[in-house]
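Asks: I have a structure I would like to understand better, so I am pasting it below and will then ask my questions one at a time.
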Amino acid sequence: MSEATDVAAAASSRDPAVGLAAVAALRRLAESLEELQVANARAQGWSWQQIADSLAVSRQAVHKKYRRIVS
Amino acid sequence: MFERFTEKARTVVVLAQQDARERGDSAIDTGHVLRALFAVPDNLAVLVLEGFSVRQADVEADLAARPATAPDGSAADADALAALGIDLDEVRRRVEEAFGPGALDRPRSPKRRWIGGHIPFAKEAKKALELSLREALRMRHNYIGTEHMLLGMVHGEGVAHDVLVARGVQLDVARVIVEELLRGRRAG
């Protein structure tokens, strides 16, 4: 099955259990990727402000969330 | 419920938590508790296991041989994402191509685990602890010791149950051994 039809199937699924589980999984994946990319950006010398701009969030938000994990 | 725990039983809980933390696991499961039982010197649970010829090295090996349960339910996530047309394996593959193996599942957000040093009990572990209370009440004991914790794990479900039962530990026999050992202790 092509991706397009898969997406269509999920989007048209009216079963909340399916739809909500997909959203939750997507959020966890996004969180993992965000942490990885923030660490990578810091390792490459990006400032918190640059990272915040790219993520479209405030500098305070990104700093508060990651300062303990990422130096 | 920990107020009825003996000092050794409390130590087991603390060590199980430490073990979970050191392994980067997000919950304390019965495997952590079982390992911790062996780490506390001179406790009844280990004596009971000796009665079944179950040794620490065997248990360690059995536990190590079991596939790690994905703490974040990544298998379920993979299914959920597949419903959206996202192939988690493919995402993982590409991320690892750029960042190296395991890049997507390194221990996440250690700060969340470290706050207050608290790691939650997994469902089976919680249940096993409840069952240890029940085992204690059954024997009319007003405390929960390592022996009751062991019985609770054999009684309940989870990795410890699976490993111990596979090694021939039987609940009813284990109960008899506990009572025998306690009689011996009281007598002597």
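The values are calculated or read from the model by the stated rules, or taken from the named source; none is laboratory data. Predicted model only: the values in this text are computed from it and were never measured. Note that each Cβ is placed from the backbone with ideal geometry, even for glycine, and that neighbours are counted across all protein chains shown.
Asks: Which members of segment B:1-17 meet the condition of being farther than 24 Å from B:GLU50 by Cβ and either surrounded by fewer than 18 Cβ atoms within 10 Å (Cβ to Cβ) or of a type in the set (Phe, Trp, Tyr) (or both)? Explain how you work it out, then say what you get.
Replies: Taking segment B:1-17 first, the residues farther than 24 Å from B:GLU50 by Cβ are B:1-4, B:17.
Listed by number, the residues that qualify are B:MET1, B:PHE2, B:GLU3, B:ARG4.
Asks: Looking at B:ALA57, B:ALA80 in this structure, which one is without any contact (Cβ under 8 Å) to a residue 12 or more places away in the chain and in the same structural domain as B:GLN170 (by TED's automatic domain parsing)? Quick ask: steps written out before the conclusion?
Replies: Working: B:ALA80 fails: in the same structural domain as B:GLN170 (by TED's automatic domain parsing).
Result: B:ALA57 is the single residue among B:ALA57, B:ALA80 that is without any contact (Cβ under 8 Å) to a residue 12 or more places away in the chain and in the same structural domain as B:GLN170 (by TED's automatic domain parsing).
Asks: Okay, moving on. Condition (residue is in contact with an Asp or Glu (Cβ under 6 Å, 6 or more places away or on another chain) and either at pLDDT below 85 or of a type in the set (Val, Ile, Thr) (or both)) applied to segment B:97-106: is it met by at least one residue?
Replies: Yes, because at least one residue in segment B:97-106 is in contact with an Asp or Glu (Cβ under 6 Å, 6 or more places away or on another chain) and either at pLDDT below 85 or of a type in the set (Val, Ile, Thr) (or both).
Asks: Given (1) of a type outside the set (Phe, Trp, Tyr); (2) within 14 Å of chain A (Cβ to nearest Cβ); (3) under 27 Å from A:ALA17 (Cα atoms), identify the lone condition not met by B:ASP25.
Replies: (2)
Asks: I'm trying to understand the selection: among the residues of segment A:13-71, which are polar (S, T, N, Q), part of a loop (DSSP other than H, G, I, E, B) and within 10 Å of another protein chain (Cβ to nearest Cβ)? Please lay out each step first, then the result.
Replies: Start the filter on segment A:13-71 by keeping residues that are polar (S, T, N, Q), which leaves A:13, A:32, A:37, A:40, A:44, A:47, A:49-50, A:54, A:58, A:60, A:71.
Adding the requirement that they be part of a loop (DSSP other than H, G, I, E, B) leaves A:13, A:44, A:47, A:58, A:71.
Residue satisfying the conditions is A:SER13 alone.
Asks: How many residues does segment B:3-31 hold that are within 15 Å of B:THR146 (Cβ to Cβ) and of a type outside the set (Ser, Thr, Tyr)?
Replies: At the first step, the residues of segment B:3-31 found to be within 15 Å of B:THR146 (Cβ to Cβ) are B:4-16, B:30.
Subsequent filtering for residues that are of a type outside the set (Ser, Thr, Tyr) retains B:4-5, B:7-10, B:12-16.
Residues flagged as within 15 Å of B:THR146 (Cβ to Cβ) and of a type outside the set (Ser, Thr, Tyr) within segment B:3-31 amount to 11.
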